[in-house]
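Derivation of every value follows stated rules applied to the coordinates shown; laboratory data play no part. Keep in mind it's a predicted model, so treat the numbers as computed, not measured. Reconstructed Cβ throughout: ideal geometry from the backbone, glycine too, with neighbour counts over all protein chains shown.
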């Protein structure tokens, strides 16, 4: 088990290194001289030649690419991600200030998806090929086919404008949370249902389920204890992938609902070509992603006694 | 009579026609008796075991009668049947690694049966599970271990402990020694003997096996199965000493202790069974009649029946 | 039960295929099907509700929404197919090289693939388009940047198993060069399973294109691409919702049809092929 975790940790560090390199190169892949781009961004005017020279000197931009990259990495290890061109605030602070709102959204979406998706997926698996299973399958297929941004707008139209039940923009109360969460949860719930269904169906064919039946256990116990406990192992591993969907979805849904989270700030920064923010966010999002996948790996080891055992010997 | 099976048929529908896994099987089992059901892989013996406890997939068409203490199990409502399983009739499967749940400790897998059928709670169930483990020869300290942490023999012991949890009057053991080392096989046979013949009142067992040695060691009576039908039925000693069905002879000859004379040909596909006696294409003694007319079971001794015209 | 499973898979396959062919027909015959020029601005006819003359109404510039949706098929399907084809070919090439040569080359390529697979791809796509500026080329670049890796992973596995088969050894013994063997023997054999994987990916790419265009970072506004249409129509959501409804329905339906096709294929395929695709 320890070896597995060390392996994962090493690869996580490796991923982060590559991510930082990529995010640093991003600035250099932008058309034109980065100094020129940034200066133009700041003043809105075409910068003069000596202005560019000065800026490049001040920010060590005239050094070779690799040296700059290493320098940037050095600053990174000291938690310095640069300063937003738009707000003048450190990128890290901008991120932490908005992280709460996105986290709130993510936790609510995950909770809702699991609460709804898990039982429906299990239920569908216990009645394979029945009419209800077929309906669940087609509906969940539709669920993963609806674009989030459109779904968000349609829900807004329906529940805010026509029915007037819920606020469509803003952040603060639980009522504000409902529409963005539902919008994001539809796709994730749908894919969770599909995954749980397949996973349970696979497990239900195994020999130990026959044993459980031969023991005279109730079907509820067989499905929800014997099958689910094993089927959850692969389900947990995809939760990490789902986080990728969630992050991507959050970017879009936060923009649609003006949710003051990381995603909206990210998109706004892209519109404003706020390079330090874009760079920093790529890194932070990659770090979050890597971290969550690491947690999933640990959870996986915890859930599957077989892996636990192999690691011990 | 503890178990009385009459005219049991199990057919599976497949794309090529019906698979006749059991085709008119009659068997009986007295209280305290061990009946050995022997035959090659694919002869339908496992299906028979599953048909008794109604654990076959829904695609199987089952007909006939399975009387357990005079009650037809095939006609019981599912909920009643569930209460029979594990409490009155227990099954011990082959391949204990696959048959034990990898995500639950063996203690939990024993305790849950006690909670379900005996109404034991928390500690009491756990305590009893430990006793059952000890009974089958596993130190109780192993109670929290998972199946993959045990050796093959220990797993089979745990499987037997699960089967014994509610002190059932009938055990159905499906190839309990398959895949185990020979020395371990001996231990499992001894254990099975101890938990059937060594308890009072005696416990009945339907022992399904392809291993004649195991059957000889445990069974009071033998039923030899071929292509979904019982070919020969009699006291174990009698069948071994005086096999009357040509197939039984082949089986006995092919046993390692007799120098392994393999049977000519393969066991037939259960979809396209040969006409007449289904053994006739492989039978040395077959005559014209065997290809056309299916032989009936005939009594040839006090407790000895054979399905052959020329027995 | 097996038979049931297959027919149901076929039903999905059939529905998906019919829908996809309809969309393709719309794309090919857009000129004949669309009643109006999709770019024809008529200010006096702006924001008309769906009715007799305009099946889906008109947008903020008085353009016929139905015609724009029909022409939009071209952009969405065409772009998605282009992206998926590039990903497929790139992934197949890199994967074949990794699987065929093995050793250090393989190690290096697969390391990179593993790392890239760990990235949330739409985030990176957003960054690429955000930094390079929004344009169709950059959109394709962004979706290719990470899209090729899953094909690489799958084709490497396929190549490894194909390599073990006798005819490769025979080709080598006859003096075939590595390049010849890859092109002539390995790629043709690895292609069919990858094609199935590609089908499963098209829906994903359509959604990504629409999302990026909706954010204004993909196909740009006057173009009748569905995501871009929604981006333009956003401001009318509360006053004239019909502007928003139809392009969104078109996206959903096209994505659904590819998902149905993929799901059907998965059902009909034998389990081994399914395993290969579960990467």
Notebook entry, point to check: Within chain B, what percent of beta bridges assigned by DSSP are antiparallel, to the nearest 5?
Noted result: 65
Next item on the list: Go ahead and set up a Gaussian network model of chain A, Cα springs under 10 Å, then flag whichever of A:155, A:70, A:177 fluctuates most.
Entry: A:70
Check: For A:138-145, what's the mean count of beta carbons from other chains sitting within 10 Å of each residue's beta carbon?
Finding: 5
Item checked: Relative packing of peptides A:250-262, B:123-135, B:289-301 - highest average C-beta neighbours within 10 Å first -> A:250-262, B:123-135, B:289-301
Next item on the list: Please tell me the relative contact order of chain C in percent, rounded to the nearest whole number, where contacts are Cα pairs under 8 Å and at least six residues apart.
Entry: 27
Next item on the list: Hey, could you get me the Stokes-Einstein D for chain C, Kirkwood radius over alpha-carbon pairs, 37 °C and 0.692 mPa s, rounded to whole µm² s⁻¹?
Entry: 159
Checklist line | Angle in degrees between helix A:131-143 and the longest Cα principal axis of chain A, rounded to the nearest 10 | finding: 0
Next item on the list: Could you state the angle between the C-alpha long axis of helix A:228-257 and the longest principal axis of the C-alpha atoms of chain A, as a value from 0 to 90 degrees rounded to the nearest 10?
Entry: 40
Next item on the list: Subtracting the Cα-Cα distance from 0.36 nm times the residue separation, let me have the gained length for residue C:234 to residue C:164 in nm, one decimal.
Entry: 19.6 nm
Next item on the list: Mind checking A:197-203 for the average number of partner chain beta-carbons within 10 Å of each residue's beta-carbon?
Entry: 1
Notebook entry, point to check: Okay, helix-only estimate at 222 nm for chain B: each DSSP H run of n ≥ 4 adds -39500 (n - 2.57), divide by all residues, round to 500 deg cm²/dmol; what do you get?
Noted result: -8500 deg cm²/dmol
Item checked: Highest-fluctuation residue, A:191, A:11, A:113 considered, GNM on chain A with Cα pairs under 10 Å -> A:11
Next item on the list: Evaluate E = 1/(1 + (r/R0)^6) for residue B:75 and residue B:6, where r is the Cβ-Cβ distance and R0 equals 22 Å; express this FRET efficiency to the nearest 0.05.
Entry: 0.95
Check: Percent relative contact order of chain B, based on C-alpha pairs within less than 8 angstrom and at least six residues apart?
Finding: 21
Notebook entry, point to check: Taking chain A on its own, what percent of its Cα-Cα pair distances exceed 31 Å?
Noted result: 46
Checklist line | Most mobile of B:137, B:237, B:119 in a GNM of chain B (Cα contacts under 10 Å) | finding: B:119
Note to self: Let me test this: with uniform point scatterers at the alpha carbons of region A:54-122, what is the Debye-based log₁₀ I(q)/I(0) at q = 0.24 1/Å?
What the structure shows: -1.07
Next item on the list: Specify the inter-centroid distance of region A:235-313 and region A:185-201, based on alpha-carbon positions, in whole Å.
Entry: 19
Check: Roughly what % of Cα-Cα distances in region C:162-233 sit above 16 Å, to the whole percent?
Finding: 63
Check: Let a ≥ b ≥ c be the square roots of the eigenvalues of the Cα gyration tensor of region C:1-134; is it rounded (a/c under 1.5), or, if not, prolate (a/b larger than b/c) or oblate?
Finding: oblate
Next item on the list: For helix C:2-28, report the angle its Cα long axis makes with the longest principal axis of the Cα atoms of chain C; keep it between 0 and 90° and round to the nearest 10°.
Entry: 50
Note to self: Quick check on region A:162-301: take the gyration tensor over C-alpha atoms, sort the square-rooted eigenvalues as a ≥ b ≥ c, and tell me if it's rounded (a/c under 1.5), prolate or oblate.
What the structure shows: oblate
Checklist line | Whole-number Å³ per residue for the convex hull built on Cα positions in region C:87-142 | finding: 83
Item checked: Rg ratio (alpha-carbon, reference 2.2 N^0.38 Å) - region B:61-122 -> 1.37
Next item on the list: Set the Förster radius R0 to 51 Å, insert the Cβ-Cβ distance between residue A:138 and residue A:80 as r into 1/(1 + (r/R0)^6), and round the FRET efficiency to 0.05.
Entry: 0.50
Check: Hey, could you pull the Cα Rg and Dmax for the protein assembly as shown, both in Å?
Finding: 34.5, 117
Item checked: Surface/4 estimate of mean projected area, convex hull on alpha-carbon atoms of region B:211-258, nm² -> 3.1
